[in-house]
Amino acid sequence: MDTFILNWLISVPLFAAPLLIACLGVIVTARAGVLNLGVEGIMALSAAAGVVSVLQGGSLWWALAVAVLCGMLLSAVFGIATVVFKTDQVLSGLIIVAMGEGLSGVLGRGFTHRPITGFESVDFGFLHDLPWVGPIVFGQDILVYVTVLLVALTGYGVHKTFTGLRLRAVGENPSTADTAGVNVTIYRLGAVIIGGALCGFAGAYLSLSAGQVWVEHMVAGRGWIAIALAIFARWMPWRAVVGALIFGGTEAIIPRIQATGADVPVYFLMMLPYLLTLAVLIIPAITSRGSQDDTPAALLTNYLREDRH
Amino acid sequence: MLDLFYLVSRQQVPAWLRLLTFVAGLSTGLLLCTVVLVLSGVSLSDAVNEFVYFVFFNEIGLAQTFTAFVPLALVGLAAAAAIKLRFWNIGVEGQMWVGAILATWVATYDIGPPWLRLVLMFVMAAVGGSLWIAVPAVLKLRFGVNEIITTLLLTYVAFLLVQHLLFGVWRDADTGFPASPAYEPGVEQLAKLGWGNLHQGVWVALGAGVIWWWLMSMSRFGFFMDAVGANAMAAKASGLPVVATIVGAVILSGGLAGVAGLVIVAGQEYRLTQHIAVGYTFSSIVIAFIARFNPIGCLVVALIVGGVYTAGDTLKVFYQLPSATITLLESIILLSLLVAEFFGRYHIGIRRKVPA
Amino acid sequence: MKHHHKALELAGICKEFDGRPALAGAHFEVEWGEVHALLGENGAGKSTLMNVACGLYAPDAGTMAVNGVHSPVAGPADAARHGIGMVHQHFRLVGRFTVAENILLACGEALGVRTSAAAAELLREKSKELSLEIDPDKRIDEISVAEQQRVEVLKMLLLGARILILDEPTAVLTDQEAASVLQLLRNMAGDGCAVVLITHKLREVLGYSDRVTVMRDGQTVLASSSAEGLTREDLARSMVGASTPTPKRESKHLGDVSLKVAGLTVKRSSGGCDVEGVSFEVRGGEIYGIAGVGGNGQPQLVDALIGFSPVAEGEITIDGNTVDTGNVKAFRSNGFRFVPADRFDTGLIADFSAAENFAMTGVPDGRYGNWARVDRKRMRQHVEGAIERYQIQGCLASTKSRLLSGGNAQKLLIARELGEDMSVIVAHSPTRGLDIQAASTVHSLLLNAAAKGIACVLVSEDLEEVLALSDTVSVMSRGRLVGEFAIKDASRERIGELMLGHA
């Protein structure tokens, strides 16, 4: 039983990290008043781009950079459409999902099911030999530690800096921010692209580290779960950590149970993350209706300066 | 630099401008699509040949296009019904799966007399789709849970349910493939019309379109839908049955999607497989938006998208292009159209320097 | 300090919105050290002109000079550099930020401040200097409107504005609060600032301004006239063009009690009450006015009175029949009619034609065709009749109501609501945003309805309106009715005190 729990806990970060990074991307974007529903597509494209880069002879870090860049480019398409051309955010997000999945399919044609050597765990020397804590905390790959760093950076940037204040003002009340001399277009575009970079990172993590292979549809709804997680986290980075660990824990337990060879209906087991996401959306809605609504007030609304009221 | 331009919303977009932006958006989209195809190794003449000539002007191709049209028309109507009321049904595929499961259940266990079997399959498919959308509908209307995510997540759940069945009780004993036993010809299959693979389902799609058109343009329910879609608050304050209208439209949406699942299993595949509903969600949105939720428009756009599907099948065989290519092309076209609308909705002014 | 130049000069300013001219060659000037009132009706172009002055709108034509120097103002930041500051009618504050954070947002860059603690310090100094009390650590949505306005003024001054533009600063204040703001502006002018006071209240012009400019239809009709020696009548005439008759109230006989509201309580979703224990009675033919500063639970009370939202406690009865609360249909079938504050929010559907909007309430009960076929011809006929009876201008049966002017849209709405079988009218700020003529038409329509024996509830933030129309006035403060007067006993001062919450 101990080995079961230990193996499970060791694998939790592997599942939690991509969700968490993508969720951070959603949060940064949403704080500027833009909901990018395209996460699923951005992750798909970046996951494919990462593996293709490696299979083309690139290094892992190079592949990561390519994936992040792809995330930025695809989110820039979304940003230019919604922020500059004022297209509907929901519809544009869905288009980005389709575009990302489509691009990943076209780009990754011929590269599916070809395993790669991904990021390996960092060598912390003797620390790794500590009981329990060693393998769990000091046995992860480098990207997990980068993720921790990213959470801290995002949390600090959004909530503690002047730029973060301006970013949040754009998401709460863009006309006020505009009057205060904040360039709403630039801030929103910037937030969308930074968010896209984070989602790209998350996608790359899936293929370069967690899966070490690329197959179509490998993102399997994680982009959507990340959005649900952001709602659950009430758009706050540190709360997203809690959520991501719960989700990562749930996802991680599925292969562990399968590995024991226990006779459980495997497809029902695989429904768990989706059902959990539903639960996470429903429970707060039922228990604390309306109270503590932290959603950025201008979320989903496009800003137009010369609009007459 | 960005301060150089300013925007003013137009109170009313003149018809010519709307047409112009549509044509411009479509042309841009088609151009971009051509670029994508050429970059993927399809020659220009082949692309034109496959996407225009074969699918619309060749008898075999047109029959395939019409066959693809049947489920597309149904999902397009399904998306239009719900999204018109600002209920984002992003779970059309899930509703198709559940519709197909219930229909297959009727077929596999020979429920009801043979002469009633198909009707029963239809009813169960519609019920299945409606049930699957009822969950997000209740969650949204009762608890305010965002339906975009719930409808979408339930698609994954539905697909896993299909896999559970296909790798379990329904696995074809003869072949061992993850597919349900074949439907019985004449009893559980929609009859072919003698033109390619086109089957009776086409009447269902056309009928649904016409009925939906009558509902929207003439009936009281259609008037309520217009009002609720345009401004639910004002509709409620005016004493209109807002919740009932939303529930009605959303249930119909799910039902139509369920039937779309049925026409594929009973008209094309003759069994439940793992591949029937893939890619339909986004197509349904494309169709609904390009048609601006107009039922007859949905039929027309669905036919065109059907042509794209047919061409995509050919390209898959000859160029090994993945089916995701179709989704990519659709997304490019829809985004181009959306962006083009901007130039109609706003008057763009250039900030004049005030003379010093 | 002696200035040779005018503080701000605008000449020949033109601005169109989608082909509709909002400004047609308007001009305006303000001197250092004066309070200059910019007077005009709603839609006369006052706010648009000042939005041009502070760089928010780009003019199509015209010139602008700040302290004698011709300079185009490109954007709000540029305006601040020119020493121009504006307090908009809708405050430019972020509700979820604290006062200090708002100051940091607006002034951080200009003042080189990067933390909200430093911003709070600056704010304390400035507010002490002006003896304006403000707590920097409170959230904006926790403080009163008057306090929010103080934040706006401080913000402007911290940015070093010497040309201060205030758009309707007293619109949502009680008389007492308004007086203190206006006095503050006088003091600022005394310090040498140029103050522009946009208003449509004649009282403020006569009591607090040095000079006045009047605008009408996007043009300047009275330029920089000394306020001294002007009478209300002079100003009113130049504002409207022609004098409008104020609707006359005839002495009338009130009927029996028709509408009874008892112990109405509406809970807030986040805890607490928006409306608490509200009880009143309205007789047939009576107009029952509820005055109060905005944000004291009026929208929630109105929503409860038309069945739009559920109530936690309380009972509403009409002629002895209890109405099922939280059910619009039950209210409507009991003869409740509704004239909302925002016509395109809960009244008309902007994208519907006049005919559809007019007929909308009759569709569910089968007045226009059956379930299978909606009778659009009948809709057209009916609305055409109404357009003629109510003189709704620029309106055909097929006109999208979005394209109607505010006054005509309101007339269309009233034409629909004041139909047959009505027993109660609930009107919520029915003339908000309307010009004087349209407002007086709306007032006459309400008075006519009352004259027919209908019980009217008039909830309005405009005290003048309440006093002009009501038979009984009551005051709403923090979700409660805190005082009720027959119109002959109502005094402005007493009502003002109650509105402030000094019960």
Interface A-C: total buried accessible area (1.4 Å probe, Å², nearest 100) of 2100 Å²
Report the Cα centroid-to-centroid distance between segment C:311-337 and segment B:208-248 in angstrom, as an integer. 25 Å
Cα-based reach from C:Lys452 at 23 Å (exclusive), listing lysines while leaving out same-chain residues under 8 positions away: C:Lys248, C:Lys252, C:Lys260, C:Lys411, C:Lys488
Mind listing the long-range amide H neighbours of C:Phe17? Cut-off is under 5 Å, sequence gap 5 or more, other chains count too, H placed in the peptide plane at 1.01 Å from N. C:Ala22
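So what is the orientation-averaged projected area of segment B:1-83, using the convex hull of its C-alpha atoms, in nm²? Please report the intermediate quantities before stating the final value.
Numbers: hull surface 39.7 nm².
It is 9.9 nm².
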Packing-ranked peptide list from B:75-83, C:459-467, highest mean Cβ count within 10 angstrom first, is B:75-83, C:459-467
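Tell me the net charge near A:Met43. Cut-off is 11 Å between Cβ atoms, A:Met43 excluded, with +1 for each Lys or Arg and -1 for each Asp or Glu.
Details: positive: A:Arg222; negative: A:Glu40, A:Glu101.
Within the 11 Å Cβ shell, the charges total -1.
With a Förster radius of 25 Å, plug the Cβ-Cβ distance of A:Val242 and A:Leu130 into 1/(1 + (r/R0)^6) and report the FRET value to the nearest 0.05.
On the way: r = 24 Å, r/R0 = 0.97.
After rounding, the FRET efficiency stands at 0.55.
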Structure-based [θ]222 nm, chain C - -39500 (n - 2.57) summed over DSSP H runs of at least 4, per residue, nearest 500: -9500 deg cm²/dmol
Scan around C:Val87 for amide H atoms under 5 Å from its own, H built in the peptide plane at 1.01 Å from N, and keep only partners 5 or more places away or cross-chain. C:Ile165, C:Leu166, C:Asp167
Which cross-chain or sequence-distant (5 or more) residues have an amide H under 5 Å from the amide H of C:Leu8, H modelled 1.01 Å from N in plane? C:Val30, C:Asn67
Per-residue [θ]222 nm for chain A (sum of -39500 (n - 2.57) over DSSP H runs n ≥ 4, rounded to 500): -22500 deg cm²/dmol
Would you mind pulling out the separation of the Cα centroids of segment C:1-56 and segment B:67-139, in Å? 61 Å
What FRET efficiency, computed as 1/(1 + (r/R0)^6) with R0 = 56 Å and r the Cβ-Cβ distance, is obtained for B:Val35 and C:Asn321, rounded to the nearest 0.05? 0.20
Just for the Cα atoms in segment C:109-222, what are the lengths along the principal axes, largest first, rounded to whole Å? 47, 28, 27
I'd like the carbon and sulfur percentage of the solvent accessible area for the protein assembly as shown, probe radius 1.4 Å, heavy atoms only, ligands and nucleic acids excluded. 59 percent
Determine the sum of side-chain charges near B:Gly41: Lys and Arg each +1, Asp and Glu each -1, restricted to other residues whose C-beta is under 14 angstrom from that of B:Gly41. 0
Which ³J(HN,Hα) values in Hz, rounded to whole numbers, follow from the phi angles of segment A:233-241 under the Karplus curve 6.51 cos²θ - 1.76 cosθ + 1.60, where θ = phi - 60° and Gly and Pro get x? 7, 6, 6, 10, x, 5, 5, 5, 4
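How large is the direction-averaged shadow of the alpha-carbon convex hull of segment C:288-337, in nm²? All intermediate terms of the calculation are to be shown ahead of the outcome.
Details: hull surface 15.4 nm².
Averaged projected hull area, Cα only: 3.9 nm².
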May I have the pair-distance distribution P(r) for segment C:214-334, computed from all Cα-Cα distances with 5 Å bins from 0 and rounded to whole percent? 2, 9, 14, 14, 11, 9, 8, 8, 10, 10, 4, 1
Once the Cα gyration tensor of the protein assembly as shown is diagonalised, what are the square roots of 5 times its eigenvalues, in whole Å and ordered largest first, as equivalent ellipsoid semi-axes? 55, 38, 29
For the protein assembly as shown, report the accessible area per residue in Å² (1.4 Å probe, heavy atoms, rounded to an integer). 40 Å²
Counting only C-alpha contacts under 8 Å and six or more residues apart, can you give the relative contact order of chain B as a whole percent? 36 percent
What's the local net charge at A:Ala152, with K and R +1, D and E -1, over the other residues with C-beta under 15 Å away? +2
Could you list the residues of segment A:158-192 with an amide nitrogen less than 11 Å from a label point located 7 Å from the Cα of C:Ala118 in the Cα-to-C-beta direction? A:162
Along each principal axis of its Cα atoms, how long is segment C:422-484 end to end? Whole angstroms, biggest number first, please. 31, 27, 16
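If I take every Cα pair under 8 Å that is 6 or more residues apart in chain C, average their sequence separation and divide by the length, what percent do I get for the relative contact order?
On the way: 1006 pairs, mean separation 74.5, N = 503.
Normalised by residue count, the contact order of chain C is 15 percent.
Once every DSSP H run of n ≥ 4 in chain B is given -39500 (n - 2.57) and the sum is divided by its residues, what mean residue ellipticity at 222 nm do you get, rounded to the nearest 500 deg cm²/dmol?
Working: 13 runs with 237 residues, N = 356.
Calculated at 222 nm, the ellipticity per residue is -22500 deg cm²/dmol.
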Write down the radius of gyration of segment C:346-503 and its Dmax, each obtained from C-alpha positions, in Å. 18.2, 59
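Evaluate 2.2 N^0.38 Å with N set to the residue count of segment B:71-309, then give the Cα radius of gyration divided by it. Could the numbers behind the result be given before it?
Numbers: Rg = 17.6 Å, N = 239, 2.2 N^0.38 = 17.6 Å.
Against the compact-globule rule of thumb, the ratio is 1.00.
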What distance in nm lies between label points placed 7 Å from Cα along the C-beta direction at C:Asp375 and C:Asp489? 5.1 nm
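I'd like the FRET efficiency for B:Ala173 and B:Asn197, computed as 1/(1 + (r/R0)^6) with the beta carbon distance as r and R0 of 35 Å, rounded to 0.05.
Values: r = 26 Å, r/R0 = 0.76.
Efficiency, rounded to the nearest 0.05: 0.85.
How many square angstrom of accessible surface are buried between A and B, both sides summed, with a 1.4 Å probe and rounding to 100?
Details: alone 14840 and 18030 Å², together 28560 Å².
For A against B, buried area totals roughly 4300 Å².
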Using a Cα-Cα cut-off of under 26 Å, which lysines could be cross-linked to B:Lys84, ignoring same-chain neighbours fewer than 8 residues away? A:Lys86, B:Lys140, B:Lys236, C:Lys329, C:Lys377, C:Lys400
If packing is taken as the average count of other Cβ atoms within 10 Å, what order do C:221-233, B:272-284 fall into, highest mean first? B:272-284, C:221-233
Where in segment B:273-305 does accessible area fall by at least 30 Å² between the isolated chain and the complete protein assembly, at a 1.4 Å probe radius? B:Phe282
When the C-alpha atoms of chain C are aligned to their principal axes, what extent does each axis show, in angstrom, from largest down? 71, 47, 46
Dimensions in Å of segment A:1-146 - Rg and Dmax from alpha carbons: 18.1, 57
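At the nearest 100 Å², what buried accessible area, both sides summed, do you get for C and B when the probe is 1.4 Å?
Details: alone 23320 and 18030 Å², together 38090 Å².
By this definition, chains C and B bury close to 3300 Å².
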Could you give the angle, 0 to 90 degrees to the nearest 10, between helix C:116-129's Cα long axis and the longest principal axis of the Cα atoms of chain C? 80 degrees
Just give the residues from segment A:103-134 buried by at least 50 square angstrom of accessible area in the all-chains context relative to the isolated chain, probe 1.4 Å, and say none if nothing qualifies. A:Val106, A:Arg109
If you average the sequence gap of Cα pairs under 8 Å that are 6 or more apart and divide by the length of segment C:159-231, what percent do you get for the contact order? 27 percent
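The values are calculated or read from the model by the stated rules, or taken from the named source; none is laboratory data. Worth saying up front: this structure is predicted, and the values here are computed from it rather than measured. Virtual Cβ from ideal backbone geometry, glycine too; neighbours counted across all protein chains shown. Just so you know, the surface numbers come from the protein's heavy atoms only, side chains and all, with ligands and any DNA or RNA stripped out. Shrake-Rupley method; radii C 1.70, N 1.55, O 1.52, S 1.80 Å.
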